[in-house]
Ligand SMILES: *Cc1c(COP(=O)(O)O)cnc(C)c1O
């Protein structure tokens, strides 16, 4: 790679993959790696001061989603929360009834999709509900999929690739009318838009700290009081026995602080980031021909833009941008590398060849107007150069 001034540039537009830690979060965590190392189950002061730290973090997480602190279970992140919710609820339901059916959607994160596929191998039935052209799960088909033995309904709040917000209240009404347990993967919603478990009408809801400026490897599952749920792991009585294991105290403290600060900043950042995103999309559409914004006419979280660029591969765009100092993504981080079109874009009805041109730009609290300008200046060159080389005509 030729050295050039752009090697110095490091612009991060991939906040849906992960975020850095806010300074307040790091500062609050540090003592828990050093002098405050106690086990929160110990009766002595080393333990008790950490018990207090966990309680305080639990209150902040509860406040972010309008829950009671007792309804928050700490886990190792979004993936574990999704597993605990779906496997744990199904198990609890199977114990009391013949319920053995799950309803989910085709556009869920692999943490939900692969969990459902795994449960199918164990003899459970799963219905994968399609979405419409805008990336919104089809309510009519979801209603049709509901059966008398539906135990769990699991649909995400906001899609990780398109940012499209799903009609959670309406799905809740359908799930509740059939007596199914309703789980929502809110990993891409929490910290980006207001999340209120009562307003949404959910029984179980997953969040992950590293998607909103907290540390990796820590998350939470909201469990509405009275919801039947069994643990996936066995061990001690931590987290009401639902998630045994000595608590990750630095992580929990970091998650709590990320929740506290995100809630405070939410109204301001939503508006600011939304303006940046809209400007980025308008600029991209004006400068580069053959761009479609996926999910543009659906409600979306304010930070995410999923664009499909004709006659180029999203992966090539991402790599070229990376050389020029911009971090974006083609598809979701977990499935990239495989040079396959995004299953989310194909579920939205885009032809696989067209969906190959998908890129995702996801903004965060550090991003500025200048960075969006730099991106818009670079975009046309990147695309025209790749189109010259491209076999896709
Ligand atoms: C990132 C993500 C997850 C997984 O969360 P981890 O904490 O990384 O395990 C689950 N669901 C969605 C929608 C995500 O974006």
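Taking residue 61 as the residue in question, decide whether it is assigned by TED's automatic domain parsing to the domain that holds residue 208, farther than 30 Å from residue 138 by Cα, within 16 Å of the ligand (Cβ to nearest atom) and in a helix (DSSP H, G or I).
Details: assigned by TED's automatic domain parsing to the domain that holds residue 208: yes; farther than 30 Å from residue 138 by Cα: yes; within 16 Å of the ligand (Cβ to nearest atom): yes; in a helix (DSSP H, G or I): yes.
So residue 61 passes the test.
Run down 389, 319, 285, 345 and say which single residue is in contact with a strand residue (DSSP E or B) (Cβ under 6 Å, 6 or more places away or on another chain) and surrounded by fewer than 17 Cβ atoms within 10 Å (Cβ to Cβ).
Sole residue among the options that is in contact with a strand residue (DSSP E or B) (Cβ under 6 Å, 6 or more places away or on another chain) and surrounded by fewer than 17 Cβ atoms within 10 Å (Cβ to Cβ): 285.
Picking from 229, 280, 242, which residue would you name as being over 20 Å from residue 65 (Cβ atoms), crowded, with 19+ Cβ neighbours inside 10 Å and away from the ligand (no atom under 16 Å from the Cβ)?
Just a single option satisfies the conditions, and that option is 280.
Does region 91-113 include one or more residues that are over 20 Å from residue 229 (Cα atoms) and more than 19 Å from the chain's Cα centre (by Cα)?
Within region 91-113, none of the residues are over 20 Å from residue 229 (Cα atoms) and more than 19 Å from the chain's Cα centre (by Cα).
Hey, can you tell me all the residues within region 314-341 that are at pLDDT 95 or above and in a loop (DSSP other than H, G, I, E, B)?
Correct list: 324, 325, 328.
Against the condition surrounded by fewer than 21 Cβ atoms within 10 Å (Cβ to Cβ) and not in a loop (DSSP other than H, G, I, E, B), how does residue 111 come out, does it pass?
Judged against the criteria, residue 111 is not a match.
The values are calculated or read from the model by the stated rules, or taken from the named source; none is laboratory data. From a predicted model like this one, the values you see are computed outputs, not experimental measurements. Reconstructed Cβ throughout: ideal geometry from the backbone, glycine too, with neighbour counts over all protein chains shown.
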